Amino acid sequence: ERKQLHRLRREPTRTIDGVDVKLFANAESRDDVAEAHALGAAGVGLYRTEFLFLQRNELPDEDEQFRVYRDVVLGMTGRTVTIRTLDLGADKADRTGLALRDEPNPALGLRGVRLSLARSGLLESQLRALVRASGYGPLRILLPMISSREEVRAVRSMLKRVTVQLREEGHEVAEQVPLGAMIEVPAAAIALPTFIGSVDFLSIGTNDLVQYLLAADRNNEALTNLYTPLHPAVIRLVRDVIRLGEKRGKPVAVCGEMAGDPHFAPMLLALGLTEFSLHPATLLELRRTIRHCNLAQLKASAPALLRARDRMAIEEWIHGNAPAHR
Ligand code: PEP
Ligand code: MG
């Protein structure tokens, strides 16, 4: 069984009816990147940069960040790498004093892109490091906690400015560094038509999207029954985002835990998803499941999934559409 999975490292992630699906890796260390590469990931879909800022007393400067980002790019040998700007908030144990302590409601506080925009010197050094790393291979920048068009535009204009600066300083940087938004705040998903024109790609963060959409703390054990992607509101919103991305030619991935659970794969495929980003630990399992899926058949059952009125009905759909294997 393990051996058989192992063999899938070099196989394509292709459905029975011949459609290729991209499996990107979520990573936050050198080891994750090496593993992603070895497993044949299409690239890195979410590189979390928080760890660089945690467990230390001073902030990393531009050069230190640059070296880390460049090594991620080099580690993937030409496959696309998606690096997320800092997603720190008062919920993380940060000793640098960056995030406000004692926020009454950290999940709704100064976190993610909000914190970056409030500390623009910090954002500027991170963007400079990222753009410098783009000279070494395909790199995209992903923004966490986007809730409006203004936030995307503010970062976009800083990105343009630092790119011009770096060229003037003699750095060789990519022609264009794609800028994308995490879709994890419900407002961003609902108002996507207002700012999709300002982004190059999207990544749905179901961990936070589920939390905010269902008003259920992702870490509260008393709410494990409520905190689930198997809610009609989640299914519909994810479907809408995928559809709009498709219509406007903007790639859409799902990078929350949901994407890493092979159990949910047929559902996400039925909703039109073609890019998954997940921890390398379950990448081969997901590949195996997708290789047993019939995409045309799943898409034909999508209307039934969208008609499901409660969790039980959604689970029945999943059960009825699980690929036959093993
Ligand atoms: C998410 O919210 O789904 C996500 C991928 O980001 P994080 O888990 O880092 O908040
Ligand atoms: Mg998140």
**Item:** Only Lys, Arg (+1) and Asp, Glu (-1) charged, at Cβ; segment 183-326 dipole about Cα centre in debye
**Value:** 580
**Asked** How many percent of the alpha carbon pairs in segment 49-104 exceed a separation of 17 Å?
**Response** 45
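Quote the charge dipole size of the chain about the Cα centre in Debye, to the nearest 20; the model charges only the Cβ of Lys and Arg (+1) and of Asp and Glu (-1). List each step's numbers first, then the result.
Details: 44 positive and 41 negative charges, 203 e Å.
Dipole of the chain, to the nearest 20 debye: 980 debye.
Over the chain, what is the relative contact order in percent, taking alpha-carbon pairs closer than 8 angstrom and at least six residues apart? Don't jump to the answer; show the numbers that get you there.
Numbers: 607 pairs, mean separation 60.6, N = 326.
Relative contact order comes out at 19 percent.
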**Complete:** Karplus-derived 3J(HN,Hα) from phi for segment 275-281 (6.51 cos²θ - 1.76 cosθ + 1.60, θ = phi - 60°), whole Hz, x at Gly and Pro, runs 10, 10, 10, 8, 4, x, 4
**Item:** Shape parameters for the chain, alpha-carbon atoms, Rg then Dmax in Å
**Value:** 19.6, 59
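State the dimensionless ratio Rg/Rh of segment 100-177 (Rg: radius of gyration of Cα atoms; Rh: Kirkwood radius). Provide the component values of the computation, followed by the final result.
Numbers: Rg = 14.1 Å, Rh = 13.6 Å.
Ratio value, two decimals: 1.04.
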**Request:** Kindly express, to the nearest 10 degrees and within the range 0 to 90, the angle between helix 232-248's C-alpha long axis and the longest C-alpha principal axis of the chain.
**Result:** 70
**Message:** For Leu139, what residues show an amide H to amide H distance below 5 Å, using hydrogens built from the backbone and excluding near sequence neighbours?
**Reply:** Val81
**Asked** Which of the lysines could be linked to Lys3 by a straight reach, that is with a Cα gap under 23 Å, when you skip same-chain ones fewer than 8 residues away?
**Response** Lys22
**Message:** Charges on Cβ only, +1 for Lys and Arg, -1 for Asp and Glu, centred on the Cα centroid of the chain; of His292, Val241, Leu213, which one is farthest towards the dipole's positive end?
**Reply:** His292
**Message:** Averaging the inverse of every distinct alpha carbon separation and then flipping it gives the Kirkwood radius. What is it for segment 212-309, in angstrom units?
**Reply:** 14.4
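Nearest 500 deg cm²/dmol is fine: what mean residue ellipticity at 222 nm does the chain get from its DSSP H runs of n ≥ 4 alone, each adding -39,500 (n - 2.57), divided by its residue count?
Values: 15 runs with 140 residues, N = 326.
Here the helix-only value at 222 nm equals -12500 deg cm²/dmol.
Give me Lys299, Lys22 ranked fewest to most by other Cβ atoms within 10 Å of their Cβ, as a rough exposure proxy.
Values: Lys299 14, Lys22 17.
The most exposed by this proxy come first: Lys299, Lys22.
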**Request:** Can you spot the aspartates and glutamates whose alpha carbon is less than 16 Å from Lys250's alpha carbon? Ignore those fewer than 8 places along the same chain.
**Result:** Asp200, Asp240, Glu275
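With charges set only on the Cβ (+1 for Lys and Arg, -1 for Asp and Glu), what does the dipole of segment 104-258 come to about its Cα centre, in debye to the nearest 20? All intermediate terms of the calculation are to be shown ahead of the outcome.
On the way: 19 positive and 15 negative charges, 78 e Å.
It works out to roughly 380 debye.
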**Request:** Take segment 157-253, drop everything but the C-alpha atoms, weight them equally and run the Debye formula without solvent; then report log10 I(q)/I(0) at 0.15 Å⁻¹ to two decimals.
**Result:** -0.68
**Complete:** Going from the fewest other Cβ atoms within 10 Å to the most, one would list Asp310, Asp91 as Asp310, Asp91
**Prompt:** Name the residues of segment 9-33 whose amide N is less than 16 Å from a point 7 angstrom out from the Cα of Leu74 along the C-beta direction?
**Reply:** 30-31, 33
**Request:** Identify, among Tyr136, Gln126, Ala90, the residue whose Cα sits farthest towards the positive end of the charge dipole of segment 83-148, taking +1 on the Cβ of Lys and Arg and -1 on the Cβ of Asp and Glu, with the dipole about the Cα centre.
**Result:** Tyr136
**Prompt:** Can you list, bin by bin at 10 Å, the percent of alpha carbon pairs in segment 224-276, starting at 0?
**Reply:** 24, 57, 17, 2
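Would you order Cys255, Cys293 from fewest to most other beta-carbon atoms within 10 Å of each residue's own beta-carbon?
Working: Cys255 28, Cys293 23.
The order, fewest Cβ neighbours first, is Cys293, Cys255.
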**Item:** Of Glu175, Glu35, Glu275, the one that fluctuates the most in a GNM where the chain has Cα springs shorter than 10 Å
**Value:** Glu175
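Since every read-out is calculated from the coordinates, none of them should be taken as a lab result. This one's a predicted model, so the numbers in the text were calculated from it and none came from an experiment. Please note: Cβ atoms are built from the backbone with ideal geometry, for glycine as well, and neighbour counts cover all protein chains shown.
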